[in-house]
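Below is one structure, written out as structure tokens, with a few remarks after it.
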Amino acid sequence: MTFLCTVFRPIRVGLLLLFVFCVAMQAQAADRVKMEEFLKVTGFDVALDSIALSADLAPQMLGLPAEALDVEFELLAKRVFDKQKIRALALDILQETLENDLADHTIAFYGSGLGARLVQAENLSHFDDDDLKQLAGERIVATMVQEGDPKLQLLKRMNAAIDPTGQGTKAVLEIQVRFLLAAATSGVVDLKVDEGELRARISENEAEMRLSSQTSALKGAAYTYQGFTLQELEAYTVALEKEEMQKVYELMNGIHYEVMAQFFEKLAYGMKDMQPAQEL
């Protein structure tokens, strides 16, 4: 609207505004390309794709058995959790929040030989069966404990560095709250409590969830990085603990959970005509 109004001003001002507008658009385009490179090189694109798998958690959050929602739900979930839309939203947020120097630092590490191998292992792990991954990881951890393998402490440090502010558990709880509130608004559930009480109830198990999450993450890391040497894991851990990476991971975690929350809200609104309301 502002630009359209300027065409009636003196031509010199109009050309200046057009020049500034074009430069700004070129800068935005360059940023978009950088962010797309960031997604691919770091493997964040595949991590975002895996958000679609989390739709299976919807029945559990509604207090329903896993088999309670049928093929209609599966089709809805597939339609809502569109990978291209998920990536597009993440790119929009990245473009507004990730500084170029931090992007360059992260791309440089994950673009290295070790970084590329780490991303390949992580990308494959995202879509492995969770139950089998946890079982295999548990056995690997047990062997590490028995043998006093120093890799175990590195994996613990690595997991702590990946979630530097410990926002993971709180974020999962927030996603549940937002999903249930959206489900209540759309008539999928009939909440008998207000938002404050809902948050209080969901947060009752936060400590237990945090411990369970840490245990699960350790098993997952043991499984994912089993093919790496002690020296390689140490190099990765040190890289993750650097200030630049800490800032990047805090941002990526925040984006991941925000995108997840928004798509769960969309799922809740899409479920409004699928089933009778459930009381919670």
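What is the mean projected area of the alpha carbon convex hull for region 94-193, to one decimal in square nanometres?
For the Cα atoms of region 94-193, the hull's average projected area reads 10.8 nm².
How far apart, in nm, are the 7 Å Cα→Cβ label points at LEU251 and ASP194?
Here the modelled spin labels are 3.8 nm apart.
What percent does the relative contact order of the chain come to when contacts are Cα pairs within less than 8 Å and at least six residues apart? Before the final figure, lay out each step's value.
On the way: 252 pairs, mean separation 80.6, N = 280.
Once normalised by length, the contact order is 29 percent.
With a cap of 13 neighbouring Cβ atoms within 10 Å, and only residues DSSP puts in a loop, list the GluC sites (Glu not before Pro) found in region 77-157.
Those that pass, being in a loop and sparsely packed, are GLU99.
Give me the net charge of GLU36's neighbourhood, meaning all other residues with Cβ under 13 Å from the Cβ of GLU36; Lys, Arg count +1, Asp, Glu -1.
0
Summarise the accessible area of region 134-280 (1.4 Å probe, protein heavy atoms) by the percent that is carbon and sulfur.
The computed percentage sits at 50.
Mean separation of Cα pairs under 8 Å and 6+ residues apart, divided by the residue count of region 44-146: what relative contact order is that in percent? Provide the component values of the computation, followed by the final result.
On the way: 31 pairs, mean separation 33.0, N = 103.
With pairs under 8 Å counted, the relative contact order is 32 percent.
P(r) of the chain in 5 Å steps, Cα pairs, percent per bin?
Calculated over all Cα pairs of the chain, the distribution is 1, 5, 10, 13, 15, 14, 12, 10, 8, 5, 3, 2, 1, 1, 0, 0 percent.
Express the accessible area of region 103-159 per residue in Å², computed with a 1.4 Å probe while the remaining protein chains stay in the model.
The answer is 56 Å² per residue.
Quote the charge dipole size of region 46-111 about the Cα centre in Debye, to the nearest 20; the model charges only the Cβ of Lys and Arg (+1) and of Asp and Glu (-1).
Values: 5 positive and 12 negative charges, 29 e Å.
It works out to roughly 140 debye.
Suppose every Lys and Arg Cβ carries +1 and every Asp and Glu Cβ carries -1, with no other charges. What dipole size does the chain come out with about its Cα centre, to the nearest 20 debye?
800
Say the dipole of region 67-147 comes from +1 at the beta carbon of Lys and Arg and -1 at that of Asp and Glu; which of GLN95, ALA116, MET144 then lies farthest toward its positive end?
Checking the options against the dipole of region 67-147, the answer is ALA116.
The values are calculated or read from the model by the stated rules, or taken from the named source; none is laboratory data. Note that the structure is predicted; figures quoted are calculated from it, not measured. Virtual Cβ from ideal backbone geometry, glycine too; neighbours counted across all protein chains shown. Only protein heavy atoms, including side chains, enter the accessible area calculation; ligands, DNA and RNA are left aside. Shrake-Rupley method; radii C 1.70, N 1.55, O 1.52, S 1.80 Å.
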